Amino acid sequence: MTVKSTFSGYDALAFVNSPLDRMGPLRVDSDSMKKKLRQKKARIVRICGESVLLREGKLDDHYTQSEHVFLGADKSDTLWFAAQVAEQSGLVPIRQIYTDGLLPKDEIDILAQARSLISWHERHAYCANCGSSTKIDDMGYRRHCTSCKADHFPRTDPVVIMAVERDGKFLLGRQASWPDNMYSTLAGFMEPGETIEQAAGREVKEESGIDIGQVRYVASQPWPYPSSIMIGLVAEATSSTIRIDPNELEDARWFSRNDVLSMLAREHKDGLYASRPQAIAHYILTHAAEGRV
Ligand SMILES: [Zn+2]
């Protein structure tokens with residue numbers, strides 16, 4: 001069986017092509033930025049949890065008195081901000097927005113920055129150093145402790161995600177909580193003190209019992225659940241006997257190149273399928289299966 005290529009390129013990935021100039025040096029002047037927010041035409045991404053407020057299919061970006069985080073300026077010099085909103089009707093999950101293409105792609109690409117920043121502020125009202133309250137500064141890129149004066153900065157959590165290959169076969173696993181028949185690349189959070197290569201080797205070994213050798217970087221993707229950066233890799237396996245960690249995976253198997261391509265295309269004869277084109281798992285798996293790396 002020959003399966004047609006499903007390769008849809010980097011542009012299909014959600015969140016990777018933000019059109020905004022973040023204008024970092026201007027953020028320290030919060031007072032003048034706040035004036036601009038009120039005076040100039042501004043766009044506002046209103047976030048509640050993992051959802052965005054839409055009205056009639058568009059971002060609901062009218063100004064309110066809430067605290068705003070600066071995202072950047074687009075090519076027409078329109079300033080973009082993010083703000084938190086309370087639970088209400090009109091909230092649409094970000095996952096649904098990128099899966100169904102409910103907003104223009106350049107607006108979808110802004111949502112990871114907006115959601116990750118708002119989520120960080122939500123969870124950092126108190127100082128990790130002394131427990132006192134913190135206040136927002138630098139238009140959302142710093143929180144300052146009112147008591148011990150410590151500064152806190154928004155975090156990004158690196159995750160390694162690997163397409164593992166051996167002799168034209170590809171290692172995919174599935175977690176028990178996933179929808180039936182879905183398989184994907186292995187992935188896991190990096191730990192302090194690890195290189196990217198070491199984290200990839202440890203995760204693959206822990207989850208599947210497979211050893212890997214050479215690791216090659218392919219691409220990365222911000223992933224706002226809540227603030228990850230997915231580091232997409234292709235790794236060569238140096239062993240083939242799978243021993244899954246049942247706490248991590250329900251199943252892991254070697255799939256042929258044609259199996260993988262048909263799973264990506266959602267045309268597999270047994271109804272198996274892999275991640276959607278908006279996720280980096282799809283991208284790195286396509287790269288590996290089509291021999292692009
Ligand atoms: Zn403090």
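The numbers here are math on the coordinates, done by the rules we state, and not lab data. What you see is a predicted model, and the numbers here were worked out from it, not measured in a lab. As a convention, Cβ positions derive from the backbone with ideal geometry for all residues, glycine included, and neighbour counts pool all protein chains shown.
Only one residue of Ile210, Met263, Pro104 has its Cα farthest out toward the positive end of the dipole of the chain, where Lys and Arg carry +1 and Asp and Glu -1 on Cβ, and that residue is Pro104.
Toward the positive end of the charge dipole of the stretch 15-147, with +1 on the Cβ of Lys and Arg and -1 on the Cβ of Asp and Glu, the farthest Cα among Ile118, Asn129, Asn17 is that of Asn129. Taking the Cα centre of the stretch 72-147 as origin and assigning +1 to Lys and Arg Cβ atoms and -1 to Asp and Glu Cβ atoms, the resulting dipole is close to 320 debye. Each Cα pair under 8 Å and six or more residues apart adds its sequence gap; the mean of these over the residue count of the chain is a relative contact order of 19 percent. Its alpha carbons considered, the chain gives a radius of gyration followed by a Dmax of 21.2, 67 Å. For the stretch 21-105, the extents of the C-alpha atoms along the principal axes are 36, 26, 19 Å, listed from largest to smallest. Shape class for the stretch 46-178: oblate, because the ratio a/c of the largest to smallest gyration tensor axis (alpha-carbon atoms, square roots of eigenvalues) is 1.5 or more and b/c is at least a/b. Working ranking of peptides 161-168, 21-28, 178-185 by packing, defined as the average number of other Cβ atoms within 10 Å per residue, highest first, is 161-168, 178-185, 21-28. Under the convention that each Lys and Arg Cβ holds +1 and each Asp and Glu Cβ holds -1, the size of the dipole of the chain around its Cα centre is about 880 debye. Restricting the stretch 238-291 to GluC sites (Glu not before Pro) that sit in a DSSP loop and have at most 13 other Cβ atoms within 10 Å of their own Cβ leaves Glu250. Estimated purely from DSSP H runs of n ≥ 4, each contributing -39500 (n - 2.57), the mean residue ellipticity at 222 nm for the chain is -6500 deg cm²/dmol once divided by its residues.
For the stretch 147-192, a simple Cβ point-charge model (Lys and Arg +1, Asp and Glu -1, everything else neutral) yields a dipole of about 40 debye relative to the Cα centre. Please name whichever of Leu249, Gly193, Ala73 sits farthest to the positive end of the charge dipole of the chain, dipole taken about the Cα centre and charges placed at Cβ: Lys and Arg +1, Asp and Glu -1. Among Leu249, Gly193, Ala73, the one farthest towards the positive end of the dipole of the chain is Ala73.
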